[in-house]
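The values are calculated or read from the model by the stated rules, or taken from the named source; none is laboratory data. What you see is a predicted model; the values in this text were computed from it and never measured. Heads up, the Cβs are rebuilt from the backbone with ideal geometry, glycines too, and the neighbour counts pull from every protein chain shown. Note: accessible area is taken over every heavy atom of the protein model, side chains too, but ligands, DNA and RNA are not part of it. Shrake-Rupley method; radii C 1.70, N 1.55, O 1.52, S 1.80 Å.
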Amino acid sequence: MASEAERTFQRFAVFGDSSSSGTEINNKNFSKLCKDCGIMDGKAVTSTDVDIVFSKVKAKNARTINFQQFQEAMKELGQKRFKGKSVDEALEGVYKLMEGKDPTTSGVTKATTVGGVDRLTDTSKYTGTHKERFDESGKGKGIEGREETKDNSGYVSGYKGAGTYDQKNK
C-alpha cells in the first residue's frame, strides 16, 4: 500500500516543477495532493490543518518534505480525517484515498476555439487595403496584393486611350 502512496507522492512532487526529482514535495503540491485525493474535505481537515501539519513535519529551515516526513504528515491528517480509528487504520484509509490519483488541472485556460480564429481570418469580411491582398477564393495574392506595381507604359494613370497610339500612327 505504501508503494502506491509513494508513486502518488512522486507524481504530485514533480507536478508544475520541472526541476524536481520527485523525492521531495513542497507545500503547494502537498496541499494539492490533499485536495485532489480527498484527504482535505473542508470539514474535518481544512487547508489550514494541511499547512500546519506540513510545517510541523518539515525541518525548521526547509521548504520541502521527503517521503518519510510525508508519511508522518499523513498519520496526523489521517487521525483528523478518520476520527475514532487507530493510527494504522487511519493511515490505511488515507492511502486508500490516494490510490491511483494524478494531479488534476481543473480551471486551466484552454486553447482558443475555432470560432474566434475563423471570424478574424475570414477574408470576405476584410475591408480597405486589406481586401486587395486576397482573391475571391480567399487565397493571398502575395507581393501583388501588398505593393503598388509600377506602370511603365508611359501613360498617365486613368488615361482611357492607353495603348492606342500605335494603332493611329501606322
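A crude spin-label estimate for the pair Tyr159 and Lys85, with each label 7 Å from Cα along the Cβ direction, gives 9.7 nm.
In the chain, the DSSP-assigned H stretches of four residues or longer account for a calculated mean residue ellipticity at 222 nm of -13500 deg cm²/dmol, using -39500 (n - 2.57) per stretch and the full residue count as denominator. In the chain, the longest principal axis of the Cα atoms and the axis of helix 67-81 are about 80 degrees apart. Accessible surface computed residue by residue for the chain, with neighbouring protein chains in place and a 1.4 Å probe, gives 72 Å² per residue. Under Stokes-Einstein, with the Kirkwood radius over Cα pairs standing in for Rh, what whole-number D in µm²/s applies to the range 1-133 at 20 °C and 1.002 mPa s? In µm²/s, the coefficient rounds to 125. For Asp17 and Lys60, FRET efficiency with R0 = 30 Å and r from the beta-carbon atoms, rounded to 0.05? That gives a FRET efficiency of 0.85. Among the listed pairs Lys32/Lys85; Lys32/Lys101; Lys32/Lys80, those whose Cα-Cα separation exceeds 20 Å are Lys32/Lys85.
Per-residue Karplus couplings for the range 7-17, computed as 6.51 cos²θ - 1.76 cosθ + 1.60 with θ equal to phi - 60°, are listed in order as 5, 4, 4, 5, 4, 6, 5, 8, 5, x, 9 Hz, Gly and Pro entered as x.
Principal-axis analysis of the Cα atoms of the chain puts helix 47-57 at an angle of about 60° to the longest axis. Straight Cα distances below 25 angstrom link Lys168 to the lysines Lys160, with same-chain residues fewer than 8 positions distant left out.
Provide the net charge surrounding Ala73, with neighbours chosen by a C-beta distance below 15 Å and charges set as Lys +1, Arg +1, Asp -1, Glu -1. Here the count lands on +3. Site pair Glu148 and Ala44 shows an inter-label distance of 8.0 nm when each label is modelled 7 Å from Cα along Cα→Cβ. Annotation note: trypsin sites (Lys or Arg not before Pro) in the range 9-99 located in DSSP loop regions with a Cβ neighbour count of at most 11 within 10 Å are Lys43, Lys60, Arg63, Lys83. Straight-line reach from Lys131: taking Cα to Cα under 16 Å and skipping same-chain neighbours fewer than 8 places apart, the lysines in range are Lys139, Lys141. Using a probe radius of 1.4 angstrom, the carbon and sulfur fraction of the accessible surface of the chain is 49%. Here Glu132 sits with roughly 120 square angstrom of accessible surface, probe radius 1.4 Å.
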